[in-house]
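Shown next, in structure tokens, is the structure this report addresses.
The values are calculated or read from the model by the stated rules, or taken from the named source; none is laboratory data. These numbers come from a predicted model, not from an experiment. Ideal geometry is used to build each Cβ from the backbone, glycine not excepted, and the neighbour counts take in all protein chains shown. Accessible surface is based on the protein model in full, side chains and every heavy atom, while ligands, DNA and RNA are left aside. Shrake-Rupley method; radii C 1.70, N 1.55, O 1.52, S 1.80 Å.
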Amino acid sequence: MTSTGHVMGPASVGRMPVESIFPRLEALLPKVQKPIQYVGGELNSTVKDWDTTDVRWALMYPDAYEVGLPNQGVAILYEILNELPATLAERTYAVWPDLEALMRAEGVPQFTVDAHRPVRAFDVLGLSFSTELGYTNMLTALDLAGIPLLAADRGEDDPIVLAGGHAAFNPEPVAEFLDAAVLGDGEQIAIAISEVIREWKSEGKPGGRDELLMRLAESGGVYIPKFYDVDYHPDGRIKRVAPNRADVPWRVHKHTVMDLDEWPYPKKPLVPLAETVHERFSVEIFRGCTRGCRFCQAGMITRPVRERSITTIGAMVENGIKESGFNEVGLLSLSSADHSEIGEVAKGLADQYEGTNTSLSLPSTRVDAFNIDLANEFSRNGRRSGLTFAPEGGSERLRKVINKMVTEEDLIRTVTAAYSQGWRQVKLYFMCGLPTETDEDVLGIADLAKKVIKAGREASGSRDIRCTVSIGGFVPKPHTPFQWAGQADHETVDRRLKALRESFRSDREYSRAIGFRYHDGKPSIVEGMLSRGDRRIGAVIRNVWEDGARFDGWSEHFSYERWMAAAAKAGVDVDWYTVREREENEVLPWDHLDAGLDREWLWQDWQEAVNGGEVEDCRWTPCYDCGVCPTMGTEIQIGPTGKKLLPLTVV
Amino acid sequence: MQRLRVRYAKRGRLRFTSHRDISRAVERAVRRADIPVAYSAGFSPHPKISYAGAAPTGVASEAEYLEIGVTTPCDPQQVRTDLDGSLPPGLDVLDVVEAGPGALADRLEVSEWEVRLRDADRDLAVTAVEKFLAAGTVEVERLMKKGPRRFDAREAVLRLTVPEGAEGTEGTAAQVAGQSCVILRMVVRHMTPAVRPDDVLTGLRLVADFAPPVPPEVTRLAQGPLDDSTGALADPLDLDRETTRGGEAGPAGEHDVG
Ligand code: SF4
């Protein structure tokens, strides 16, 4: 049903009535695992009338329901879009292979869980990519929906396939599958896109799909990959990325919501029936982070810091608990202990909810005494089980390279305080494969862990304490100072991890008190190729998907060999994309996408990293001109407001 | 501590909830509804909510039961309204009474089930049911947690019919207009191991080679004690209503069906 040359009047652009596919799905559900994840019906979910709305979004988190449902980004957009009177939003998730096979056999299309409408009937399919490992799941969804995989093959009856989320800051590897991508905070731009679509539809869809995409592109706030051409040097490097038609801007900018107090979402949190990975009500207490950890893409692309005020946080928590019935509240952000009034927030909430069996959690891995005070506040009545700290690098030198300003002394002092205050378990988080890393840096992790146990035994006077070391593989990411770095090959990473494991095992005094968790280095290579890939990686993704790749974020589904075979088939040299260090002037695939960071500042920071130079946090020291605020017209928004949380009126 | 006995239904697409899904949903609903639920003591306190033998995942039910312990006395009718309003549609609270003496589980002696068989042949079903009822025992096998187990599916079945022209209970399972289906009704005694409707279907296949073409849609219609004189199922909460009505002057106990 692609467009057929002849012109259709606005009135005649009718579609088949959109019916629920549920009766057909229902017959398949007794045959699959955890059928509840496909039926919807969650508390606070919304089903709007199809015919009285004119812009319709299918929002997809391209992973299993249990991971996708708690995702804040999708939940917020779902609520905001459904609040618009003539706009409708429903959710869709990746279906597991057991249901996929049945759907293919029975001809049941990809559906939304809200009203079980076929995804192809919507105006927009908006995908939120937290990681690149969801790309293959997108292809499954498109294929099941009956939407052509390639944007170029889509017609008037297909939705606009639009990507957002952190991975969308380099959407080039999936450029040929996407009609559009959006960078940054979604709240305002989703509303703006809805308006553009509404206008275009009410005018009778002039100029068809291309004109709609053109209208979106012109604003400079939506990236339309097909309006840009990429030229290459003979050696494979990118020569230039340029718009291929007039009025398409050279660069596309990210979106930043200022004043989070004006956007207090979620107001009506989705409460799943199925078990999900986070069973709690989450409030983002601020966005952005300017600590300047050089490996952290999230910190770089979400600048500057914008806090939600203590009063709004308090109101959101009260409302969220009431609306959901959750008994756990998470105060989310990239480093929650950094909120300017977190001490008051913690104390105020702990007071308000004392005795109500409501637990509070705060993801923070800051290595300092204050962080323990917060944890103590949040565990007033509960058990002091585990605390997590993230020194990230095993040696002082390496921590300078990544700009994680934690000394060994800081760490020992902090864990000593934790153990002496009754905490029994400390978790330490590190990375392996960091730029300039040596074998000694990684072995330094073992030394640190042993010192931690030694200090803990002395402080607690007990041998019944534990320390768990968790190691993640480092992947260089776009829009960070490490975007030029050569990624460590997986042999090196595996060798270092093996040596570290041996060092733990061989130690009689400490080995039983130390737990060690790590993954092998191969998945990081695939992630690295996708993170810093260009449009030529699209063929690899397509090949691997055709070969059966699904759910690549799940170790039981991921196959490194399958990815390597797909790359070989596409003629892609994986090393060139991963372990190769880039030169200053090489055009990077995402250079035309503007996260606000000044490229020269990033390069300088990369040079300083190699020399062990540190940067401070611009919240508490003068601005060092990373570029974000002037380019984006934003500013740091932090407290303190001096306000306090009052006791709840009804408890 | 006052204890409240709750009868609830799991309907439509929410019949795919597992027992764990339901218990999470109920705990949250109790909190949303501000019901003063009692908690167990200890490091990880649990709300005092207990469940009587839940219908399996995928099976709808009009008669599931749970019991809530509360710290301050509550009006059962108010709890019924509040709890129902706090649960997602499809998990519907039908009745709440204050618990009288005696364990609820002891009163749940039998279940009445309805099984809808889409596109099945009614004559074959009738023959199969006749053969099944005529048999002294019907050994079936089911995969349990500890492996396959053989047991008799016949003795527990007190009644098994194929009502003519029955439409089935509204809103319980997928009901597509114009689709022909055969309905089985059965009253089954609770025993160990439990004989479930699918065991009876297995039995029908064994005695008469009767096999429905698509997965059956099963609904539990009622649970309760068996009235020996009439052979009918009684409402297990009636006993509680009688005690509380006689025992105290409070408003609890007025009960409207419906
Ligand atoms: S521009 Fe300056 S103030 Fe703004 S985030 Fe960058 S360093 Fe901080």
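Under 5 Å from the amide H of A:V587 lie the amide H atoms of A:I238, each residue being 5 or more positions distant or on a separate chain, with H modelled from the backbone and absent for Pro and chain starts. Around the amide H of A:F516, modelled in the peptide plane, lie the amide H atoms of A:V469, all under 5 Å away and 5 or more residues distant in sequence or on another chain. Using only Cα coordinates, the Kirkwood hydrodynamic radius of segment A:320-395 works out to 13.3 Å. Accessible surface of A:K226, taken over heavy atoms with a 1.4 Å probe and every protein chain present, rounds to 100 Å². In order along segment A:299-304, the Karplus-derived 3J(HN,Hα) couplings, from 6.51 cos²θ - 1.76 cosθ + 1.60 at θ = phi - 60°, round to x, 6, 8, 10, 5, x Hz, and Gly and Pro are given as x. Rolling a 1.4 Å probe over the heavy atoms of the protein chains gives chain A an accessible area of 39 Å² per residue.
For segment A:215-232, the Karplus equation 6.51 cos²θ - 1.76 cosθ + 1.60, evaluated at θ = phi - 60°, returns couplings of 4, 5, 5, 4, 5, x, x, 10, 8, 10, x, 6, 8, 10, 10, 10, 9, 10 Hz by residue, with Gly and Pro reported as x. Normalised by 2.2 N^0.38 Å, where N is the number of residues, the C-alpha radius of gyration of segment A:451-600 stands at 1.35. If you average the alpha carbon positions of segment A:322-393 and of segment B:189-206, how far apart do those two centres end up, in angstrom? Taking the Cα centre of each part, segment A:322-393 and segment B:189-206 sit 51 Å apart. Nonpolar atom fraction for chain B, defined as the carbon and sulfur part of the 1.4 Å probe accessible area, stands at 50 percent.
Under the Cβ-under-4.7 Å rule, which cysteines of chain A stay unpaired? When partners are defined as cysteine Cβ atoms under 4.7 Å apart, chain A leaves A:C289, A:C432, A:C467, A:C618, A:C623, A:C626, A:C629 without one.
Whenever you get a sec, compute what percent of the accessible area on chain A sits on carbon and sulfur atoms (1.4 Å probe). For chain A, the apolar C and S fraction of the accessible surface comes to 51 percent. Based on the convex hull around the alpha carbon atoms, segment A:537-620 presents an average projected area of 8.5 nm². So which lysines can B:K146 reach, going by Cα to Cα under 24 Å and dropping same-chain residues fewer than 8 places off? Correct list for B:K146: A:K31, A:K34. Of the residues A:I541, A:L360, A:V587, the one whose Cα sits farthest toward the positive end of the charge dipole of chain A, with +1 on the Cβ of Lys and Arg and -1 on the Cβ of Asp and Glu, is A:L360.
Against the main long axis of the alpha-carbon atoms of chain A, helix A:599-610 sits at an angle near 30°. With the largest listed first and rounded to whole Å, the semi-axes of the equivalent ellipsoid of the protein assembly as shown from the Cα gyration tensor are 51, 36, 28. Go through segment B:1-20 and flag every residue whose accessible area shrinks by 40 Å² or more with all protein chains in place compared to the isolated chain (probe 1.4 Å). Residues of segment B:1-20 that lose at least 40 Å² of accessible area once the other chains are added: B:R13, B:F16.
Each part gets one Cα centre, and for segment A:205-249 versus segment A:79-97 those centres are 27 Å apart. Rounded to the nearest 0.05, what FRET efficiency do B:A135 and B:T161 give with R0 = 22 Å and r taken as the Cβ-Cβ distance? Could you check? The value I calculate is 0.85. Within the same chain, lysines fewer than 8 places from A:K239 are excluded, and of the rest, those with a Cα less than 23 Å from its Cα are A:K226, A:K477.
For A:K454, the lysines whose Cα falls under 22 Å of its own Cα, not counting residues fewer than eight places away in the same chain, are A:K427. Residues of segment A:296-343 buried by at least 50 Å² of accessible area upon assembly of all protein chains, compared with the chain on its own (1.4 Å probe): A:G325. Where does helix A:187-202 land angle-wise versus the long Cα axis of chain A, in degrees 0 to 90, nearest 10? That helix lies at roughly 0 degrees to the long axis. Rounded to the nearest Hz, the phi-derived 3J(HN,Hα) couplings of segment B:64-76 under the Karplus curve 6.51 cos²θ - 1.76 cosθ + 1.60 (θ = phi - 60°) are 10, 10, 9, 10, 10, x, 10, 7, 10, x, 10, 7, x, where x marks glycine and proline. The calculated P(r) of segment B:109-224, using every Cα pair and 10 Å bins from 0, goes 14, 47, 33, 6, 0 in percent. A loss of 50 Å² or more of accessible area (1.4 Å probe, protein heavy atoms, ligands and nucleic acids excluded) relative to the isolated chain is seen in these residues of segment B:30-59: B:R31, B:R32, B:F43. Size check on segment A:10-253: the Cα extents along the three principal axes, sorted descending, read 54, 45, 31 Å. Of all the options B:A156, B:A55, B:A103, the one that moves most in a Gaussian network model of chain B with Cα springs shorter than 10 angstrom is B:A103. Residues whose amide H comes within less than 5 Å of that of A:E156, counting only those at least five positions distant or on another chain, are A:S3 (H built at 1.01 Å from N in the peptide plane). What 222 nm value per residue comes from the helices of the protein assembly as shown, counting each DSSP H run with n ≥ 4 as -39,500 (n - 2.57) and dividing by all residues, nearest 500 deg cm²/dmol? Rounded to the nearest 500, it is -9000 deg cm²/dmol. Think of a 1.4 Å ball rolled over the protein heavy atoms: chain B then has 47 Å² of accessible area per residue.
Output the 0 to 90 degree angle, nearest 10, between the alpha-carbon long axis of helix A:310-324 and the longest principal axis computed from the alpha carbons of chain A. Long axis of A:310-324 versus the principal axis of chain A: about 70 degrees. Computed from the Cβ-Cβ distance with R0 of 25 Å, the FRET efficiency linking B:L143 to A:D98 stands at 0.90.
Using the Cβ atoms and a cut-off under 11 Å, what net charge is assigned to the surroundings of A:P30, where Lys and Arg are +1 and Asp and Glu are -1?
Neighbour charge sum, excluding A:P30 itself: -1.
Distance from the alpha carbon centroid of segment A:442-458 to that of segment A:18-47 works out to 50 angstrom.
Across the options B:L239, A:Q297, A:F177, the greatest Cα extent toward the positive end of the charge dipole of the protein assembly as shown (unit charges at beta carbon of Lys, Arg, Asp, Glu) belongs to B:L239.
Buried surface between chains B and A: roughly 2400 Å² of accessible area, summed over both sides, computed with a 1.4 Å probe on protein heavy atoms only.
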